[in-house]
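Peer 1: Starting off with a structure, shown below.
The values are calculated or read from the model by the stated rules, or taken from the named source; none is laboratory data. Note that the structure is a prediction, hence the values are computed from the model and not measured. A quick note on method: Cβ atoms are made from the backbone with ideal geometry, for glycine too, and the neighbour counts reach across all protein chains shown.
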C-alpha cells in the first residue's frame, strides 16, 4: 500500500445563502459539459457548479428533484449518498436506510425516549436517473448517441416497503433479518452509500451491513417498464434481481465507489457513527463476474491503494469522482462531510482534495 499523494485541491464556491451545503456534501459527479454536481444528505436538490477559473468551481445553481421525478413527499430529505453520470444521465441514490432520533441535550427524559425512536422516510428509498441537456437536468431530451430514442427521467418502482429493491432484499438470507429488524443506518443496518453506473448496469456499495468483517456491493441491471419507472432484470442466481459481492475491506463499510475502466475504486470507512481511518481500494474486472462472489485481498483482484489522511472529528470523506489533474488523466476527487474548518473559505466555499490514483 502506497501513501496518499495529494495532487491538488478544488475549491467549491456556493451561493452565500446556501452555507448549509458546505458541511454535508455526500456525493459528487462530473458531466461532459464540465459541470461538477454535488449532492447533500439533507436536501431535496441537485447542485451544479461550473468552472470559473482553474481548480475553482462556482456559478452555483440548485435544481429541485421533485420537479423532475415523482417524490413520495416534498418535505423529507432524500439522503443522497451516491451519484454518477453515464450515457446522458445523472444517476443518484438515497441511503435506503432507517434512522434513529438523536438526543438534543436539553431534557434527559425526552432524550432517552428519542433514542428509542426509529423511523423510515419514503424519499430515502430512491434510485433515479435524470437526463442532462446542455448542463441542465430535464425530464426528457434527445439521446445524442441514438436519435431513435429519447432520454427520460425515471426512478426505481416504488412499493409500500420503499421500492422493488428493498422488497427483494427483504427475502435475502443475508439482508432479510436486518431489514425486518429495522436496524438504523450507522448501527450496521442497511445503508447504501456507493453508486457507480455504466449504461443499464448499476453497482451499489453498502456502508452497512458489514457481515463478520465482509463488506457488500450489489450489482443490478435496470430497464424502463413504464414512463418514469424503472424495473430490475433477473441477473443473479436462480433468477434473482441482483448479484452480491462480498469484499474484505478490513472490516470497513463502503462510503462511495466509482468506475475506473472496468475496475471499481472503493472508498471505505467505519460503518458506525465514529471517527476512524478511511482507505481506498481497487476491485478489478467487475463486469466479468457471472454470479455472487466473495473476494479476499490480494494484488490482482482486490487491493488497498492508500489510506486517507485522518483527522479526529472532521473530514469524513463521502463523495468520490475521477478527474484529470496535472497531467494525470484519472485522479480521485474526494469531498467531505463535516469538513475541517481549515477547508472553509469566506463562509461560502470549501476545498475538496484530488489524490493521485
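Peer 1: Quick one: residue 298 ticks every box in (1) in contact with a helix residue (DSSP H, G or I) (Cβ under 8 Å, 6 or more places away or on another chain); (2) farther than 29 Å from residue 165 by Cα; (3) not in a strand (DSSP E or B) except a single one, so which number is it?
Peer 2: Every condition holds for residue 298 apart from (1).
Peer 1: Answer yes or no as to whether residue 171 is surrounded by 14 or more Cβ atoms within 10 Å (Cβ to Cβ), more than 20 Å from residue 25 (Cβ to Cβ) and at pLDDT 95 or above.
Peer 2: no
Residue by residue, here is whether (1) in contact with a strand residue (DSSP E or B) (Cβ under 6 Å, 6 or more places away or on another chain); (2) surrounded by fewer than 14 Cβ atoms within 10 Å (Cβ to Cβ); (3) in contact (Cβ under 8 Å) with a residue 24 or more places away in the chain; (4) farther than 20 Å from residue 212 by Cα holds:
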{"position": "247", "(1), (2), (3), (4)": "yes, no, yes, no"}
{"position": "270", "(1), (2), (3), (4)": "no, no, no, no"}
{"position": "302", "(1), (2), (3), (4)": "yes, no, yes, no"}
{"position": "312", "(1), (2), (3), (4)": "no, yes, yes, yes"}
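Peer 1: In addition: Please specify each residue of the range 9-36 satisfying the condition of being in a strand (DSSP E or B) and under 18 Å from the mean Cα position of the chain (by Cα).
Peer 2: 24, 25, 26, 27, 28, 29, 30, 36
Peer 1: Still on this structure, I have one more. List pairs: first residue in the range 314-331 and free of Cβ contacts under 8 Å to residues at least 40 places away in the same chain, second residue surrounded by fewer than 18 Cβ atoms within 10 Å (Cβ to Cβ) and not in a strand (DSSP E or B) anywhere in the structure, Cβ distance under 6 angstrom, at least six positions apart or on different chains.
Peer 2: Cβ pairs passing all conditions: 314/338; 314/340; 315/340.
Peer 1: Follow-up. Collect the residues in the range 255-264 that are more than 23 Å from residue 189 (Cα to Cα) and crowded, with 21+ Cβ neighbours inside 10 Å, keeping them in residue-number order.
Peer 2: Matches in the range 255-264: 264 only.
Peer 1: Check 159, 231, 152 and return the single one that is farther than 26 Å from residue 258 by Cβ and either in contact with a helix residue (DSSP H, G or I) (Cβ under 6 Å, 6 or more places away or on another chain) or in contact (Cβ under 8 Å) with a residue 60 or more places away in the chain (or both).
Peer 2: Exactly one of 159, 231, 152 is farther than 26 Å from residue 258 by Cβ and either in contact with a helix residue (DSSP H, G or I) (Cβ under 6 Å, 6 or more places away or on another chain) or in contact (Cβ under 8 Å) with a residue 60 or more places away in the chain (or both), namely 159.
Peer 1: Can you tell me which residue within the range 330-351, out of those that are in contact with a helix residue (DSSP H, G or I) (Cβ under 8 Å, 6 or more places away or on another chain) and in a strand (DSSP E or B), is farthest from residue 83 (Cα to Cα)?
Peer 2: Checked the range 330-351; the qualifying residue farthest from residue 83 (Cα to Cα) is 344.
Peer 1: Let me ask something else about it. Select from the range 37-58 the residues that are more than 22 Å from the chain's Cα centre (by Cα), in contact (Cβ under 8 Å) with a residue 24 or more places away in the chain and either in a loop (DSSP other than H, G, I, E, B) or on the phi > 0 side of the Ramachandran plot (or both) and list them in ascending order.
Peer 2: Within the range 37-58, 55 is the sole residue that qualifies.
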